[in-house]
Amino acid sequence: MKYLKVIAFTHKQIELKELGKLVICQENLTDKLQYVKQQFDIPEIFYLATCNRVAFVMATPQAVDRDFIRKFFHALNMGLCPGYTEVFLNAASVYEDQDALNHLLRTSCSLESLVVGEKEILAQVRKAYECCRAAGLTGDYLRMVMNCVVKAAKEVYTHTNISKNPISVVSLAYRKLKELKQYINARVLIIGAGETNRNISKYLQKHKYSNFAVFNRTLSKAQELAADLKGEAYDLEALKTYKKGFDIIITCTSSVEPLITPEVYASLLNGETDKKTIVDLAIPNDTDPAVLALYPVNFIEVHSLNEIAKKNLQERYHELADAEKIIEQNIAEFIPQLKQRRIEVAMRQVPEKIKEIRQTALNSVFADEVQNLDPHSRDILEKVISYMEKKYISVPMVMAKEIMINNN
């Protein structure tokens, strides 16, 4: 476990608005991670960004200290000024070895979430890992770690009541929206067609909202969500020229720059002057602060949901102990599995080496003697060598597993 390292930045140490400065644009993510992977000789790495955390998970023998993180940030070229870099360095939580696995399991089980018990986090962790795996950034080690992460999370959600009557950031946002008593024929603009917006759209649709327009960078994804909602689909650029008016904006994208600027907002208003509602669940926010200063807006964001989230934690506190026991059990089971896998990987070369010895013996060292054998004797010799070859391959593996079991 000594190679597993996690650098985490969460809502517990950093204001959510500031946390958004660490979000890497999806278009640049693979290139940036490939660069630091090569620059720091990191065998495996993946990146996770949610509404309340940013984390870098890696398998590396290197010491991950303050100096490493500073150089790591610089190589990522995240555009942070020196002052902000120091702020984030001070707020970074570094986990290593078994503590790193424990942190990943607690994260996937939502014990570290703003809203304890939300199931969305497991899907977000898996998606982040799969994205990096597909890009060739991860390997066998993190594959095993992720298998453990997923298994533990499923057991926690199945065998505890931590997600009973599930509450999530999305459901909390909808509660706040519901308090505003919007008309069900309200015109709803949905910016972004990712999982968060899909989930909040389901709430709106369930409660009879029916007037939707979906905007997304990839038009085909906007069309998919719009089809589900029986609404209209547009690409993101169309936001600047949309003139059909709106009552509610739901936005959550991975953009690192505000999409709803004063200019875009004024254009969307198209002369209307009544108070509108914006539900912005993006980190960093998709809404330019200037919009809130210039116009009357009911503004719902992740940061404003904190108090409700704290109450939710109190309600679920008694479930934490059961969840933590499941996590401890999964870690205890995983450590010998990882050791066994290391032995398997280390011994992959044994069959090839034995075959090389066999070929050298038959074709070089004892070539003349073998040639002088009659066909029947050669056949027997071949059977004896093949039998011994198989045993020489299997015996070391069995012995290594027995040693590992006895040591445990």
(1) in contact (Cβ under 8 Å) with a residue 12 or more places away in the chain; (2) touching a helix residue (DSSP H, G or I) at 6+ places or on another chain (Cβ under 8 Å); (3) closer than 30 Å to LYS339 by Cα: which one isn't true of ARG143, the others all being true? (1)
What are the residues in the stretch 368-398 that are closer than 27 Å to ARG342 by Cβ and either aromatic (Phe, Trp, Tyr) or in contact with an Asp or Glu (Cβ under 9 Å, 6 or more places away or on another chain) (or both), if any? TYR392, MET397
Top-ranked residue of the stretch 206-217 - restricted to ones that are of a type outside the set (Val, Ile, Thr) and touching a Lys or Arg at 6+ places or on another chain (Cβ under 9 Å), ranked as nearest to TYR242 (Cα to Cα): ALA213
Of the residues in the stretch 133-147, how many are assigned to a helix (DSSP H, G or I) and either of a type in the set (Phe, Trp, Tyr) or surrounded by 15 or more Cβ atoms within 10 Å (Cβ to Cβ) (or both)? 6
Identify, from the list ALA222, ALA290, ALA213, the residue that is crowded, with 21+ Cβ neighbours inside 10 Å, assigned to a helix (DSSP H, G or I) and not assigned by TED's automatic domain parsing to the domain that holds SER113. ALA222
Can you confirm whether the stretch 148-157 contains a residue that is of a type in the set (A, V, I, L, M, F, W, C), surrounded by fewer than 20 Cβ atoms within 10 Å (Cβ to Cβ) and within 28 Å of GLN62 (Cβ to Cβ)? yes
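The values are calculated or read from the model by the stated rules, or taken from the named source; none is laboratory data. Keep in mind that what you see is a predicted model, and the values were worked out from it rather than measured. Because the Cβ atoms are built from the backbone with ideal geometry, glycine has one as well, and the counts that use them run over all protein chains shown.
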